[in-house]
Amino acid sequence: MPQKIKELQDQLERIIKGKKDITDKILMAVLAKGHVLLEDVPGVGKTTTALALSRLMGMEFNRIQFTPDVVPSDVTGFTMYDKQSGQFSYRAGAVMCNLLLADEINRTSSKTQSALLEVMEEGKVTVDGETHCVPSPFVVIATENPVGSSGTQLLPESQLDRFMISVSMGYPDHQSLVELLRDRQRENPLENAKTVVTREEVLELQKEVQEIYVADQVLDYVAHLAEATRNHELITLGLSPRGTLALVRMAKAAAYMKERDYVIPKDVQDVFKDVAAHRMILDSKVRYQEKSAREILSEILADVAEPKVEG
């Protein structure tokens, strides 16, 4: 199966130029059964990345453009009375797919955002007392515009905690931008994207990632990192138990992508900031010290002793 991963990486690299480190993290999140939050300015490839993944992984794809007038039933579905049968029947919402692109999630109301909470955590929605399971695999890739952009609002902590990682695409470097312009002179590489792995193979890959071994010393290291975020003077809200579990799952996926069947501390370090940064609430003193969440997390990585693990 790792050969399939390499093929996925190669195809993604052809479509998303110069962002292999970001697309690899997104792949890891999918393999770890997690959801992804992409925060950045418009036009840097967030939507293209989600579309590319759905096509390369043979996933049923739905997209919902979050605007102030979107309501929870657009997301979860609703029940409708059928005159012919004399019964109420369920009409599926946007979440009934394998990969849901929640575009500009921070432009809609908190009520509509909260409609995603149950399905992101449990893979099911409850409508009028009836529970409906979403297909497997199920991944939410949400994009958000930077806070302060027109019509945006902060996502609540409960929503942010459901995302396994948060990454920023950023602008491509000069050479990647030239390649992007050259490739799109006649056609869009996304249009030629073909399925590399089937949905069934994605489920098998996820199962293999779940079986990756994590030694007690590494688990102890993860716990120390999580506790350090909770005890740091500049952090008001640290890494939750859900976030700590997400860190272990992402570390397993990182090890799997490197063709290892066990996790080492470096795997944890490589994904720590992507898993933890969006979950942090920083103290007001940070404003005067001009530090970001990622800078503080880098300090925590430097301060917490790395265990010696036999490889």
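The values are calculated or read from the model by the stated rules, or taken from the named source; none is laboratory data. Treat the numbers as computed from the prediction; the structure is a model and nothing was measured. Note: ideal-geometry Cβ built from the backbone for every residue, glycine included; neighbour counts use all protein chains shown. When the accessible area is computed, the model is the full protein with side chains, heavy atoms only, and any ligands, DNA or RNA have been set aside. Shrake-Rupley method; radii C 1.70, N 1.55, O 1.52, S 1.80 Å.
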crowded, with 20+ Cβ neighbours inside 10 Å, of a type in the set (Lys, Arg) and either under 27 Å from residue 239 (Cβ atoms) or free of Cβ contacts under 8 Å to residues at least 40 places away in the same chain (or both): does that describe residue 162? yes
Quick one: residue 182 ticks every box in (1) open to solvent by less than 20 Å² (accessible area, probe 1.4 Å); (2) over 20 Å from the mean Cα position of the chain (by Cα) bar one, so which box is it? (1)
Please go through the stretch 108-130 and give me each residue that is touching a strand residue (DSSP E or B) at 6+ places or on another chain (Cβ under 8 Å) and basic (Lys, Arg), ordered by number. 124
Hey, residue 113 in the same structural domain as residue 51 (by the TED database) and more than 19 Å from the chain's Cα centre (by Cα) or not: no
Exactly one condition in (1) within 23 Å of the chain's Cα centre (by Cα); (2) open to solvent by 20 Å² or more (accessible area, probe 1.4 Å) is not met by residue 142; state its number. (2)
What pairs come out if I take residues in the stretch 76-101 that are farther than 30 Å from residue 53 by Cα and pair them with residues that are open to solvent by less than 30 Å² (accessible area, probe 1.4 Å) whose C-beta lies under 9 Å away, six or more apart or interchain? 79/127
Qualifying position, being at pLDDT 90 or above, surrounded by 13 or more Cβ atoms within 10 Å (Cβ to Cβ) and aromatic (Phe, Trp, Tyr), among 221, 213: 221
Based on this model, can you work out whether residue 244 counts as closer than 26 Å to residue 168 by Cα and in contact (Cβ under 8 Å) with a residue 40 or more places away in the chain? no
Residue 111 - would you say it is crowded, with 16+ Cβ neighbours inside 10 Å and outside any loop (DSSP other than H, G, I, E, B)? no
Any chance you could count how many residues in the stretch 23-48 are over 12 Å from the mean Cα position of the chain (by Cα) and under 24 Å from residue 117 (Cα atoms)? 2
Please verify whether residue 249 is modelled with pLDDT under 95, on the phi < 0 side of the Ramachandran plot, touching a Lys or Arg at 6+ places or on another chain (Cβ under 9 Å) and of a type in the set (Lys, Arg), treating the condition exactly as stated. no
The stretch 1-91: helices (runs of 4 or more DSSP H) wholly inside it with 3 or more residues that are surrounded by fewer than 15 Cβ atoms within 10 Å (Cβ to Cβ) are 2-15
Quick check: anything in the stretch 211-220 among the small types (Gly, Ala, Ser) and under 22 Å from residue 162 (Cβ atoms)? no
Tell me, which residue of the stretch 287-303 that is surrounded by fewer than 18 Cβ atoms within 10 Å (Cβ to Cβ) and touching a residue at least 40 places away in the same chain (Cβ under 8 Å) is farthest from residue 225 (Cα to Cα)? 289
Those helices (runs of 4 or more DSSP H) completely within the stretch 191-259 that have 3 or more residues that are within 21 Å of residue 24 (Cα to Cα) are 199-210, 241-257
Please go through the stretch 260-269 and give me each residue that is buried (at least 19 other Cβ atoms within 10 Å of the Cβ), assigned to a helix (DSSP H, G or I) and either modelled with pLDDT under 95 or over 17 Å from the mean Cα position of the chain (by Cα) (or both), ordered by number. 265, 267
